[in-house]
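K.L.:
Let me give you the structure first, and then I'll get to my questions.
The values are calculated or read from the model by the stated rules, or taken from the named source; none is laboratory data. Worth saying up front: this structure is predicted, and the values here are computed from it rather than measured. Here the Cβ positions follow ideal geometry from the backbone for every residue, glycine too, while neighbour counts run over all protein chains shown.
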Amino acid sequence: MEWLLLFKKLNLSKLINANIMRRFSNITKRSWIIGSAVLLCSFTIYRFTFDKNDLIFDLLYDSLKQVHYNPKPLDDAFSEKVFDLYLNNSFNKQFLLQSDIDALGKYKHDIDDEIANSKHDFYQATQDIVNKRIKEKEGWSREILSKPLSYNVNEEFETDYKKKSYAKNDQELKEEWRKMLKYRVLYRLDEMMDKQEKAAEKKDTAVKIKTFDSLEVEARRKTLKEQEDWFKRLNKITPRDRFAEFANAFTGVYDPHTQYFAPKEKKKFDQGMSGNFEGIGARLTQKDGILKVSEIIPGSPSYKQGELKEGDEILKVGQGAAEPVDITNMDMEDAIELIKGKKGTEVRLTVRKSDNSMKVIPIIRDVIEIDDIFAKSVLLENDKNKIGYIYLPTFYAPFSREGNRRCSQDIRKEIEKLKKQNIKGLIIDVRNNGGGVLQEVVEMAGLFFPKGPVVQVRGKKFEPVDKSKGQDNFALNIMNDRNPDVVWDGPLTILINHSSASASEILAAAIQDYKRGVIIGTNSFGKGTVQSFVNLDNFLLPQFDTIKPIGEVKITQQKFYRINGGSTQLKGVTPDIALPDPYALLELGEKELDNPMPWDEITRADYTEFNTINYQKVIKNSHKRVSASSQFALIEEQAKEIKLKKDDTKYSLNLATFRAEQKQLRDQNKKYEDLRKDIKGFSGNLLDEYKAEISADTSRLGRETRWAKGIAKDIYVHEATNVLNDMK
């Protein structure tokens, strides 16, 4: 509704339709010599001759120009960025030659002019070349995999396409295909040989032992089947789907969160894995043919299983023990259908982790229980005090999908319950919390201090400005907590990590700026922007109903700022106490995305710091404990190994070396499985009144009890309780 009102104010519909009529005018001018009768049927002519792609770009460009927080000029620099975003990907490096890129290079500075003049020569030329190359390469896999490969040669395969150059000729490209296929065969061979070796050790007669030659033939056969299925999918991709990819190279120049959704893609977004609470409970995106986990839905089967993480790339999907299906370059909707399934059935996902290691993750499908995404608390006890712990997976409110409850009110209730237990400190855990409703953050922050500013929101003005008088195009809204009531005035810590984003960052930043509590964990994600969906069909006159649906565009239209004036964009929130983290040495977050909006700062809001915490003391004491902890030392060791594996993206194609490397990776992963063990003198329990509420549901009671005890095995939570003890 807000967007509809906004666009009415802008008269954007008039603007867009004026552009459409301008194009229509060009058509009628060419027909004018036929006579005035042409005007009576001119819309019919328009309907049959108008290129829908032209209309999509008109709608996209005009809406972005009017509404985007930082619209881009349509110039040669813009054209270059679209060119690079559209062509520089792993798919094109598998099919195109350097000569193809050179031939397309003549359009590098023309894309802006083509968009302005409703031409798509670059797009069409690209499609002609890609279609030609796909047909040429279709038989390569069959040819290469038709005979045994050589497994004793010392050669390597580079898995990171960003480090690769385009092949100079077909011979060089075919050699890369051979290495790629050999890498896939080796991965299958290693799996099968490892399974046989373990069966032999255990004397498991259920596993039939095969010769190496038999395994090798089977590995090649299965790899060829994957390749043939891939080409079938490539040949099914429609021109409309490919044009949507080009459109997103255009929107991607604005920022990584501004995106065009063709009608089918928007339906997937709303109704597929990304929009409901069934299946495994993971939000997925697809880029360069790879399905990637963008978020784990709190309380979902994926969340409870614990091994699937944001950023994981899903390469294969298996139904229980059945042969997994390679979903690389599969249509996203088809891949999601393989992942979804009936409650109680098992899906096995083969994923590539951020350190490039491979892992098979079994998940039992289920329907997410809605209560699992609400705030809930645990009473923690260490050697010195009782500590309250509240887990908040998302910032929910009545008008969002999570139900009829407000997270700010729920947090208030949980604090009141914990206060009855005479807690001496409070932990709010927003790790992996990707955000939610803005107003809830404002009210929640206000639970810990009297009324005052919480966050500053800067958006584009939509009324005329006089720049000669120093006016700019932006309006600032300082969002204040207006309730003087303070629910908790004792020691407070906020737990954050790399996946704490948006609203989570606002809460942590406000508590940090007021010096009201101690922020603990790792640097947050760094997303300080706001997006909204715009249905492009809303801006077409009735005369153009026959060309609907057009699709929707998600547009970045505001930025968040801390009350100290800095932005959470790119930098995120730096914790007061940084704890070791497995991914501490990797570059993660918003800054790793293409074309992120820049960090900047505005004027500081008017607020008063508390200055009641001896930060020097608590930081020094925490550092001393962490330095002496064998568990944190193990995490630091893990971080170094992950960094090494992340940087080393080449794999040996010598069978013995490949298998040795895979065994080393498996052994390393086993080493870290014991990190969540019992901590002496530390326990976690559900509150008695909560146990009474759910006592009738024994299954749920058991699950929640196990969850509470698991919290007491979390060394980050344990250290937060130690920090709270130091804050007395």
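K.L.:
For a quick check of your reading: which strands (runs of 3 or more DSSP E) sit entirely within the stretch 279-368 and have at least 3 residues that are without any contact (Cβ under 8 Å) to a residue 40 or more places away in the chain and over 25 Å from Val430 (Cα atoms)?
P.N.:
Those strands (runs of 3 or more DSSP E) span 313-319, 346-352.
K.L.:
How many of the residues making up the stretch 686-728 are loosely packed, with under 15 Cβ neighbours inside 10 Å, among the small types (Gly, Ala, Ser) and either within 20 Å of Glu414 (Cβ to Cβ) or touching a residue at least 40 places away in the same chain (Cβ under 8 Å) (or both)?
P.N.:
3
K.L.:
So, in the stretch 635-670, exactly how many residues are over 20 Å from Val153 (Cα atoms) and more than 28 Å from the chain's Cα centre (by Cα)?
P.N.:
Selection size over the stretch 635-670: 2.
K.L.:
Mind counting the residues in the stretch 103-137 that are in a helix (DSSP H, G or I) and either closer than 16 Å to Ile56 by Cβ or hydroxyl-bearing (Ser, Thr, Tyr) (or both)?
P.N.:
Number of matching residues: 10.
K.L.:
Out of curiosity, is Ser683 within 20 Å of Leu418 (Cα to Cα), touching a residue at least 24 places away in the same chain (Cβ under 8 Å) and over 30 Å from the mean Cα position of the chain (by Cα)?
P.N.:
yes
K.L.:
Still on this model: If I go through the stretch 63-80 residue by residue, how many of them are buried (at least 19 other Cβ atoms within 10 Å of the Cβ) and either of a type in the set (Asp, Glu) or closer than 13 Å to Ala247 by Cα (or both)?
P.N.:
2
K.L.:
Step by step: first the residues of the stretch 114-139, then only those that are more than 16 Å from Ser79 (Cα to Cα) and aliphatic (A, V, I, L, M), then the one that is surrounded by the fewest Cβ atoms within 10 Å (Cβ to Cβ). Which residue is that?
P.N.:
Ile134
K.L.:
I need the full set of residues from the stretch 637-661 which are in contact with a Phe, Trp or Tyr (Cβ under 8 Å, 6 or more places away or on another chain) and of a type outside the set (Gly, Ala, Ser), in order please.
P.N.:
Within the stretch 637-661, Gln638, Ile642, Lys650, Tyr651, Leu653, Asn654, Leu655, Phe658, Glu661 meet the criteria.
K.L.:
So, one more: Run down Ile496, Ile506, Ile511 and say which single residue is under 16 Å from Phe610 (Cα atoms), assigned by TED's automatic domain parsing to the domain that holds Val442, buried (at least 23 other Cβ atoms within 10 Å of the Cβ) and in contact (Cβ under 8 Å) with a residue 40 or more places away in the chain.
P.N.:
The conditions single out Ile511.
A quick yes/no check of all residues on (1) under 29 Å from the mean Cα position of the chain (by Cα); (2) surrounded by fewer than 16 Cβ atoms within 10 Å (Cβ to Cβ); (3) at positive phi; (4) touching a residue at least 24 places away in the same chain (Cβ under 8 Å):
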position	(1), (2), (3), (4)
Met479	yes, no, no, yes
Pro491	no, no, no, yes
Ser500	yes, no, no, yes
Gly521	yes, no, yes, yes
Gln531	yes, no, no, yes
Leu536	yes, no, no, yes
Lys548	no, yes, no, no
Gly565	yes, yes, yes, yes
Leu570	yes, no, yes, yes
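K.L.:
Please verify whether the stretch 234-244 includes one or more residues that are of a type in the set (Gly, Ala, Ser) and touching a residue at least 60 places away in the same chain (Cβ under 8 Å).
P.N.:
Looking for residues that are of a type in the set (Gly, Ala, Ser) and touching a residue at least 60 places away in the same chain (Cβ under 8 Å), one finds at least one in the stretch 234-244, hence yes.
K.L.:
Quick one: which of Lys210, Lys202, Lys179, Lys195 is over 18 Å from Phe658 (Cβ atoms), assigned by TED's automatic domain parsing to the domain that holds Phe91 and either within 33 Å of the chain's Cα centre (by Cα) or touching a residue at least 12 places away in the same chain (Cβ under 8 Å) (or both)?
P.N.:
Lys210
K.L.:
Please find, within the stretch 203-252, the residue that is nearest to Leu74 (Cα to Cα) out of those that are among the hydrophobic types (A, V, I, L, M, F, W, C) and in contact with a Ser or Thr (Cβ under 9 Å, 6 or more places away or on another chain).
P.N.:
Per the criteria, the residue is Phe246.
K.L.:
A further question on this structure: Tell me which residues, restricted to the stretch 414-440, are of a type in the set (Val, Ile, Thr) and either modelled with pLDDT of 95 or more or not assigned by TED's automatic domain parsing to the domain that holds Arg562 (or both).
P.N.:
Ile415, Ile423, Ile427, Ile428, Val430
K.L.:
Could you count how many residues in the stretch 701-728 are within 12 Å of Leu686 (Cα to Cα) and part of a helix (DSSP H, G or I)?
P.N.:
Going through the stretch 701-728 one residue at a time, the tally reaches 11.
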